[in-house]
Amino acid sequence: TSSGGGTSGSAISGDYGLLGLLSVIRMTDADRNRLALGSDLTLLGLNLNSNENLYSAFGGPFSDKPAAREPHYQLPMCYYMQPPALKTGHLSKFQLETLFYIFYALPKDVLQAYAAQELYTREWRYHTESKVWFKRATPSDGFPNNNSSPVQFIYFDINTWERRLYSNVNQNIAGGFLSEDDVRVKFSSS
């Protein structure tokens with residue numbers, strides 16, 4: 001048994017016990033009453049019978065004005081500047097993976113055609129049936145030279161995003177390459 005104080009932690013006595021709840025029900029303390037029962041939203045200027053959304057007109061519980069439709073802000077001038085245009089001459093400076101990203105991420109875009117043209121300049125060839133880029137393997141590509149097969153190819157694997165040695169040497173893949181003339185970007189005269 002506890003010795004009676006008004007604020008002791010008991011289920012019956014104390015501010016948060018049943019006797020404390022009784023003072024809220026009797027509405028003897030205005031602050032506790034507002035905290036426990038809340039506020040009348042119609043006193044804040046809200047029309048609860050409206051079919052429109054309340055958040056568009058409600059400025060908040062501490063504001064007498066309705067909410068502004070568009071917040072006032074000012075963008076710095078750098079946001080209004082146009083980014084520099086990507087020139088096709090820049091493609092020659094890009095890494096190989098970046099060119100493949102442009103080719104696969106921008107289908108039916110003029111940059112896809114320019115990326116393919118740059119890949120052909122770097123001796124990569126596009127196989128039309130398998131939809132994969134191939135290149136004849138050279139010692140500078142970092143793959144060991146296997147003298148048993150006359151021509152080795154490397155391909156770009158889009159699933160792992162890396163160059164790999166092509167292992168199916170029995171298949172003649174050179175016949176399925178897109179011609180260099182088909183890759184060149186052509187401009188119509190009209």
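The values are calculated or read from the model by the stated rules, or taken from the named source; none is laboratory data. What you see is a predicted model, and the numbers here were worked out from it, not measured in a lab. In this analysis, Cβ positions are derived from the backbone assuming ideal geometry, glycine residues included, and neighbour counts consider all displayed protein chains. Protein only, heavy atoms only, side chains kept; ligands, DNA and RNA dropped before computing areas. Shrake-Rupley method; radii C 1.70, N 1.55, O 1.52, S 1.80 Å.
General remarks:
- Odd one out for residue 99 among (1) at pLDDT 95 or above; (2) part of a loop (DSSP other than H, G, I, E, B): (2)
- Qualifying positions in region 77-114 - free of Cβ contacts under 8 Å to residues at least 12 places away in the same chain and aromatic (Phe, Trp, Tyr): 79, 80, 101
- Looking only at residues of region 102-145 that are small (Gly, Ala, Ser) and more than 14 Å from residue 157 (Cα to Cα), we find that the one that is modelled with the lowest pLDDT is 142.
- Scanning region 15-33 for residues that are of a type in the set (A, V, I, L, M) and open to solvent by less than 70 Å² (accessible area, probe 1.4 Å) gives 22, 24.
- Answer residue from region 120-134, given it is over 28 Å from the mean Cα position of the chain (by Cα) and without any contact (Cβ under 8 Å) to a residue 40 or more places away in the chain and is farthest from residue 167 (Cα to Cα) among those: 121
- Residues in region 114-159 that are open to solvent by 70 Å² or more (accessible area, probe 1.4 Å), touching a helix residue (DSSP H, G or I) at 6+ places or on another chain (Cβ under 8 Å) and not in a helix (DSSP H, G or I): 129, 145, 158.
- Taken over region 91-113, the criterion of being farther than 23 Å from residue 162 by Cβ and open to solvent by less than 70 Å² (accessible area, probe 1.4 Å) is satisfied by 109, 113.
- Residue ID - modelled with the lowest pLDDT, chosen from residues in region 34-83 that are among the aliphatic types (A, V, I, L, M) and surrounded by fewer than 10 Cβ atoms within 10 Å (Cβ to Cβ): 68
- Verdict on residue 63 being over 28 Å from the mean Cα position of the chain (by Cα), under 23 Å from residue 164 (Cα atoms), of a type in the set (S, T, N, Q) and part of a loop (DSSP other than H, G, I, E, B): no
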